[in-house]
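K.L.:
Take this structure, written in structure tokens, and hold onto it; I'll ask about it next.
The values are calculated or read from the model by the stated rules, or taken from the named source; none is laboratory data. Note that this is a predicted model, so its numbers are computed, not measured. Neighbour counts run over all protein chains shown; Cβ positions are idealised from the backbone, glycine included. Areas reflect the complete protein model, heavy atoms only, side chains present, ligands, DNA and RNA absent. Shrake-Rupley method; radii C 1.70, N 1.55, O 1.52, S 1.80 Å.
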Amino acid sequence: MTVRKAWIVASVAISSALAFVMLLVVGVYIVAGNLVNGVGGGAKALAKGSVPAAYAALVQKWGNLCPAISPALLAAQLYQESGFNPRAQSHAAAQGIAQFIPGTWASHGIDGDGDGDRDVWDPKDAIPSAASYDCELASYVKKVGGNLTENMLAAYNAGAYAVIKYGGVPPYSETQNYVKRITTLSESFAAPVGRVDPSEQAAGAIEYAQQKLGTLYLWGGTGTAEQGGRFDCSGLTQAAYASVGIKLPRVANDQYNAGPHPSRDELLPGDLVFFSDDLTNSRAIRHVGIYVGGGYMIDAPRTGAVIRFDPIDTPDYFGATRVTEDGAKALPTTV
């Protein structure tokens, strides 16, 4: 049997089962209210590969420095600030993986690795310093009522005085948005401890992707008229979720952080599934598709191929994300 014929046979078989898959999606939503979301607070383990392997142990260790933070929260801050880039530098002169400005580093940077110097460009100093600074801020606002972690984040954004003055997160939209963004984003860095709630928009995203089956792949394609309605892998997933009102980042490795991460045996239709040559680092993800059930996804695989069904159980399978609206909104526009 030729490859072409084999693909056609497989496509027919999968398409015939898709009605069942969609019924499954509907059934999932009916019971969704009874499922327990496995993402919560506390010093839990990091999700698989969510932090680059070079920094994972540092984040896990220093993320437990005080009760106000967790490894997942510390990871969310580092991702928000620099995308885990130790050479990042902003126009405001913020430096390194934790984006300290020089004045703050001078007063709050620590020698995290004990080598006798404090180097803002060295993650072994900068990550411990970020955790230490968080905990110092938490100590300033520990007597304020409400949630200590939220008050600490508010102090990071607006200053401890503002938190003390208002008895909690101050009524500044920028600060309130920052607190929500980091706490929500932290969920995508924490390993789930139970079942993850499904996204209500998943069925619509699958329906959109179905309509694009057979469309020729285009590197950099986002489906515009100028591109002939063609997509690359992350362009397809971005457009599919945009069709149901959820705005995802453009590239696959950022889309990974748009929600919590179900395990392989917890996958539901609509989950995004990711692939990488480095299974320890979500920043190295190079491909994404939309899971449709039965071990298959819809994806835009490569130049010369069309949008199609492909199996997900390959050696480069990295993991999955259950997209949530809050999770997508929490992602930084650039990292």
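K.L.:
Excluding residues fewer than 8 places away in the same chain, name every one of the lysines whose C-alpha is closer than 17 Å to that of LYS61.
P.N.:
Of all the lysines, those that pass the test against LYS61 - Cα under 17 Å, at least 8 places apart if same chain - are LYS44, LYS48, LYS124.
K.L.:
Net charge around ALA209, counting only other residues with Cβ within less than 13 Å of its Cβ (Lys, Arg = +1; Asp, Glu = -1)?
P.N.:
Working: positive: LYS212, ARG308; negative: GLU207, ASP271, ASP299, ASP310.
With Lys, Arg at +1 and Asp, Glu at -1, the net is -2.
K.L.:
On to the next question. Tell me whether the stretch 214-335 comes out rounded, prolate or oblate; compute the Cα gyration tensor, take square roots of the eigenvalues as a ≥ b ≥ c, and use a/c under 1.5 as the rounded threshold.
P.N.:
Here the stretch 214-335 falls in the rounded category.
K.L.:
A further question follows. Springs between alpha-carbon atoms under 10 Å, Gaussian network over the chain: tell me which of PRO71, PRO311, PRO198 tops the mean-square fluctuations.
P.N.:
PRO311
K.L.:
Let me ask something additional. Excluding ALA76 itself, calculate the net charge of residues whose Cβ lies under 11 Å from the Cβ of ALA76, where each Lys or Arg counts +1 and each Asp or Glu counts -1. It would help to have the intermediate numbers written out before the result.
P.N.:
Working: positive: ARG181; negative: GLU81, GLU187.
Cβ neighbours under 11 Å give a net charge of -1.
K.L.:
How much accessible surface does CYS66 have with a 1.4 Å probe, in Å² rounded to 10?
P.N.:
My reading of the accessible area for CYS66 is about 20 Å².
K.L.:
Using the alpha-carbon atoms, what tilt in degrees (0 to 90, nearest 10) does helix 173-186 show relative to the longest principal axis of the chain?
P.N.:
60
K.L.:
Moving on. Rounded, prolate or oblate, given the Cα gyration tensor of the stretch 236-277, with a/c below 1.5 counting as rounded? Don't jump to the answer; show the numbers that get you there.
P.N.:
Numbers: a/c = 2.02, a/b = 1.33, b/c = 1.52.
In terms of gyration-tensor shape, oblate.
K.L.:
What are the semi-axes of the equivalent ellipsoid for the chain, taken as the square roots of 5 times the Cα gyration tensor eigenvalues, largest first, in whole Å?
P.N.:
39, 21, 17
K.L.:
Related question: Any chance you could give the angle, 0 to 90 degrees and rounded to 10, that helix 3-31 forms with the longest Cα principal axis of the chain?
P.N.:
Helix 3-31 sits at roughly 60 degrees to that axis.
K.L.:
From the protein chains alone at 1.4 Å, what is the descending order of accessible area for HIS261, HIS91, largest first?
P.N.:
HIS91, HIS261
K.L.:
Which Cys residues of the chain have no other Cys Cβ less than 4.7 Å away and so no disulfide-compatible partner by this rule?
P.N.:
Among the cysteines of the chain, those whose Cβ sits 4.7 Å or more from every other are CYS233.
K.L.:
In a GNM of the chain with a 10 Å cut-off on Cα contacts, which of ALA320, ALA76, ALA305 has the highest mean-square fluctuation?
P.N.:
It is ALA305.
K.L.:
Please compute the contact order of the chain in relative form: average sequence separation of alpha-carbon pairs under 8 Å and at least six residues apart, divided by the residue count, as a percent.
P.N.:
Here the relative contact order equals 18 percent.
K.L.:
If the elastic network links every pair of Cα atoms under 10 Å, which of TYR161, TYR291, TYR140 fluctuates the most in the Gaussian network model of the chain?
P.N.:
TYR161
K.L.:
If each DSSP helix of 4+ residues adds -39,500 (n - 2.57) and the sum is divided by the residues in the chain, what number results at 222 nm, nearest 500 deg cm²/dmol?
P.N.:
-12500 deg cm²/dmol
K.L.:
Compute the angle between helix 202-211 and the longest alpha-carbon principal axis of the chain, please, reported from 0 to 90 degrees and rounded to the nearest 10.
P.N.:
Helix 202-211 and the main axis of the chain meet at about 50 degrees.
K.L.:
Next question. Hey, what do the phi angles of the stretch 297-312 turn into as Karplus ³J(HN,Hα) couplings, whole Hz, using 6.51/-1.76/1.60 and θ = phi - 60°, x for Gly and Pro?
P.N.:
My calculation for the stretch 297-312 gives 10, 9, 8, 9, x, 5, 4, x, 9, 10, 4, 7, 8, 9, x, 9 Hz in order.
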